[in-house]
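Remarks on the structure that follows.
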Amino acid sequence: MRGGAALVSASRRSFSFEFKLEVVQRFLAGERKVDLAREFDLASPKQVETWARIYRNEGADGLRPKRRGRPPRPAGQESGGQSELEALRAENERLRAENAYLGKLRALRMRPQRRK
């Protein structure tokens, strides 16, 4: 690769469980990782080695795709979030009213007393 083509990063590819398992089984049967990487059009022979290590440590289930990212919310939790928001707004309104009342009370106490 030369020029701009060398600067373009390869897009990430995802491989099925069956594909990974076939590559690993052939590697463990004695085929060279370089030959497997070339045959299956993998970016690097290191990928074959990585899958084989995962297979040895975790078994075949380790090659299955894993869910990534934040787990989805349970269905009933969204409405619960709204009621909590409403409760916080109501408490905020009550505290503002209490604060205004106490401010007025303080102002009345600070004013000099009138004598009759």
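Where a number appears in this text, it was derived from the coordinates with a stated rule and is not lab data. Computed from a predicted model, the values in this text were never measured in an experiment. A quick note on method: Cβ atoms are made from the backbone with ideal geometry, for glycine too, and the neighbour counts reach across all protein chains shown.
Kindly provide the pair-distance distribution of the range 13-63 built from C-alpha pairs, with 10 Å bins from 0 and whole-percent values in order of increasing distance.
Pair shares across the bins are 27, 63, 10.
Explain nothing, just the number: dipole magnitude of the range 13-63 about its Cα centre with +1 on each Lys and Arg Cβ and -1 on each Asp and Glu Cβ, in debye rounded to the nearest 20. Mind dumping the intermediate values first?
Details: 9 positive and 9 negative charges, 43 e Å.
In total the dipole reaches around 200 debye.
Hey, with R₀ at 41 Å, roughly what FRET efficiency would R94 and R73 work out to, going by the Cβ-Cβ distance, to 0.05? Walk me through the numbers on the way to the answer.
On the way: r = 29 Å, r/R0 = 0.71.
E(calc), rounded to 0.05, equals 0.90.
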